[in-house]
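S.K.: One structure follows; several queries about it will come next.
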């Protein structure tokens, strides 16, 4: 009887516990999540990936509108724009979707041999394709909606300027900005695994994502929306420049999230001596 009462009290304590998960517990949760992602069936995986591409596009769209016409100066404008862009990852992590950059954390389960190389590459490949479809479809809807014409076309001019800046980046800048971006994105996802509430997840997302946007780092999925919508607004299609940017930013994202976040935390909290 006493043992049963202790068990019930223990269960209640776990159920009502409001403390954040510890980093070691977070690592276990990230690894479990990675296994589940790798085993997800193709139809839901693709659908969730398309949603994620659209969600990140909504964040990029919100960012574009927010910084248009700002007179606050570079730093404050980027800070406000970064907070607006956070909408994208909030929708992904709270609403539920599969985002390529965040799925760099599946490397932790791969390193622990709980996910095969084939399963890892399958997940990344399908999610990347789905994200691309979602981002491009959203760009098409935005173009057809006419919102770029707001304020006598000022929003369109902002979209053009954003895309032009990205297309002018050399491979080195695109690659290293991609690394730095996904370090912060994956840290935002990592911090969400410490949270026990929706409010906690949103707060965990807000600062890292605001930082990466304000600092001008490069996110491959965001660029799947930002560059096409800018090119469409300018009436100039630069496929080679677009793919050049996407290739090196994507490589940087993989290194930043997979190596500098997932692999590092694997060594610290998961790796067996």
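S.K.: Using only Cα atoms, tell me the angle between helix 239-254 and the longest principal axis of the chain; keep it within 0 to 90° and round to the nearest 10.
M.R.: 20 degrees
S.K.: Continuing with this model, one more query. Checking the a/c ratio against 1.5 first, then a/b against b/c, what shape does the Cα gyration tensor give for the stretch 125-273? Intermediate values should be presented prior to the final figure.
M.R.: On the way: a/c = 2.30, a/b = 1.66, b/c = 1.39.
Prolate, since a/c reaches 1.5 and a/b exceeds b/c.
S.K.: Using the count of nearby Cβ atoms within 10 Å as a rough guide to exposure, how do 32, 101 rank from fewest to most?
M.R.: Working: 32 14, 101 31.
Result, fewest neighbours first: 32, 101.
S.K.: Taking the 0 to 90 degree range and rounding to the nearest ten, how far is the long axis of helix 171-192 tilted relative to the main principal axis of the chain, both from C-alpha atoms?
M.R.: It is inclined by approximately 40 degrees.
S.K.: Further question on the same structure: Which order results if 112, 19, 151 are arranged by neighbouring Cβ count within 10 Å, fewest first? Let's see the in-between values first.
M.R.: On the way: 112 16, 19 7, 151 13.
Fewest-to-most Cβ neighbours within 10 Å comes out as 19, 151, 112.
S.K.: What FRET efficiency comes out for the pair residue 168/residue 121, r = Cβ-Cβ distance, R0 = 30 Å, nearest 0.05?
M.R.: Taking R0 as 30 Å, the efficiency between residue 168 and residue 121 is 0.45.
S.K.: Related question: Angle check, please: helix 42-67 long axis (alpha carbons) against the longest principal axis of the chain (alpha carbons), in degrees 0 to 90, nearest 10.
M.R.: Here the helix axis deviates by roughly 50 degrees.
S.K.: Using Cβ contacts closer than 10 Å as the measure, can you line up 31, 218 from fewest to most?
M.R.: 31, 218
S.K.: Can you give the FRET efficiency to the nearest 0.05 for residue 143 and residue 94, using r as the Cβ-Cβ distance and R₀ = 25 Å?
M.R.: 0.35
S.K.: Also: Taking 0.36 nm per residue of separation and subtracting the Cα-Cα distance, what length does fully extending residue 259 through residue 47 add? Kindly include the intermediate steps, with their values, before the conclusion.
M.R.: Details: separation 212, 0.36 × 212 = 76.32 nm, distance 2.70 nm.
Gain in length upon complete extension: 73.6 nm.
Taken together, the values in this text are just the output of simple stated rules run on the coordinates, not laboratory data. Because the structure is a prediction, the values reported are computed rather than measured. Virtual Cβ from ideal backbone geometry, glycine too; neighbours counted across all protein chains shown.
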